[in-house]
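See structure below.
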Amino acid sequence: MYAISLGDDGAEMRPLEPWQADEFLAHMDRGREFIGARNGLPDVVTDLESSRAFLRLYAEKAAADTGRIHGIWSDGTLVGAVILRRLDTAAGYAEAGCWLEPAGVGKGLVTRAAHALIDWAITVRGVHRVEWIVSSDNLPSIAVARRLGMTLDGVLRESYSYRGARHDQQIWSTLAPTWPPLPTP
């Protein structure tokens, strides 16, 4: 298996595969409440069988070239992931996403990992547009979109129902001609 360095702090990202279901479940258990505040994944990954099924879904997406999941490791511990929820190379489109458990917060891990995954989608797979869809109240994820140099395309009002409430969603994107974003001073 390969690993992609995320910088001098030893953090890395690498594919998450079904054989890592135990480690993935332990990660989800550590971050269940924190991750679940904005992401429904903890409601899906509740035991070893569902953990394996979720990772198998992404293994099938990778095999079909329709999605990817890469874990983020810090100090040897799985603390989060970045995904291409959708990947359609014929249409030139991908949708990226992420999550972290509390131990990974505040280290720039998601920004670095998302940059690497989006860069791969654009430069290797030839994707023209990558979207980042986020609840309007998810300020940390919006900050990642900004740090990635994405543009806010618009807001879908009350388009997402989560845990009994309707939420606005923001659509952020980057386009191949403007990637990679220039560093901000």
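Kindly indicate the residue of the range 57-82 that is open to solvent by 40 Å² or more (accessible area, probe 1.4 Å) and among the β-branched types (Val, Ile, Thr) and also farthest from ASP9 (Cα to Cα) among those meeting that condition. The residue in question is THR66.
Looking only at the range 56-67, decide whether some residue is of a type in the set (Val, Ile, Thr), touching a strand residue (DSSP E or B) at 6+ places or on another chain (Cβ under 9 Å) and at pLDDT 95 or above. Break it down stepwise before answering.
Within the range 56-67, the first condition is being of a type in the set (Val, Ile, Thr), and the residues that meet it are 66.
Checking the rest, the ones that are also touching a strand residue (DSSP E or B) at 6+ places or on another chain (Cβ under 9 Å) come to 66.
Then drop every residue that is not at pLDDT 95 or above, which leaves 66.
So far as the range 56-67 goes, yes, one or more of its residues are of a type in the set (Val, Ile, Thr), touching a strand residue (DSSP E or B) at 6+ places or on another chain (Cβ under 9 Å) and at pLDDT 95 or above.
Need pairs with beta-carbon distance below 7 Å; first residue at pLDDT 95 or above and within the range 10-29, second assigned to a helix (DSSP H, G or I) and open to solvent by 50 Å² or more (accessible area, probe 1.4 Å); sequence gap 6+ or separate chains. Final answer for the pair search is PRO18/ARG52; PRO18/ARG56; ALA21/LEU48; ALA21/ARG52; ASP22/LEU48; LEU25/LEU48.
The residue pairs whose first member lies in the range 54-82 and is under 20 Å from PRO42 (Cβ atoms), whose second member is hydroxyl-bearing (Ser, Thr, Tyr) and crowded, with 17+ Cβ neighbours inside 10 Å, and whose beta carbons are closer than 7 Å, counting only pairs six or more residues apart or on different chains, are GLY67/TYR58; ILE69/TYR58.
So, GLY7, is that one more than 28 Å from SER161 (Cα to Cα), of a type in the set (Gly, Ala, Ser) and modelled with pLDDT under 95 or not?
Numbers: more than 28 Å from SER161 (Cα to Cα): yes; of a type in the set (Gly, Ala, Ser): yes; modelled with pLDDT under 95: yes.
Taking the combined requirement at face value, the residue satisfies it.
If the condition is being in contact with a Pro (Cβ under 9 Å, 6 or more places away or on another chain) and open to solvent by 70 Å² or more (accessible area, probe 1.4 Å), then the range 32-56 contributes GLU33, PHE34, ARG38, ARG52, ARG56.
Evaluate the following for ARG147: is it in contact (Cβ under 8 Å) with a residue 12 or more places away in the chain, within 21 Å of ALA81 (Cβ to Cβ) and not aliphatic (A, V, I, L, M)? Answer is yes for this residue. Of the residues making up the range 161-183, those that are open to solvent by 80 Å² or more (accessible area, probe 1.4 Å), not hydroxyl-bearing (Ser, Thr, Tyr) and not in a strand (DSSP E or B) number 5. Where helices (runs of 4 or more DSSP H) fall entirely within the range 1-87, those with at least 1 residues that are under 20 Å from ALA114 (Cα atoms) and over 14 Å from the mean Cα position of the chain (by Cα) are at 21-36, 48-64. The residue of the range 83-118 that is least open to solvent (accessible area, probe 1.4 Å), among those that are farther than 22 Å from GLN170 by Cβ and in contact (Cβ under 8 Å) with a residue 40 or more places away in the chain, is GLU101.
Within the range 122-160, if we keep just the residues that are of a type in the set (S, T, N, Q) and under 25 Å from THR66 (Cα atoms), the residue that is surrounded by the most Cβ atoms within 10 Å (Cβ to Cβ) turns out to be SER141.
The values are calculated or read from the model by the stated rules, or taken from the named source; none is laboratory data. This one's a predicted model, so the numbers in the text were calculated from it and none came from an experiment. We place every Cβ from the backbone using ideal geometry, glycine too, and count neighbours over all the protein chains shown. Side chains included, ligands, DNA and RNA excluded: accessible areas come from the protein's heavy atoms. Shrake-Rupley method; radii C 1.70, N 1.55, O 1.52, S 1.80 Å.
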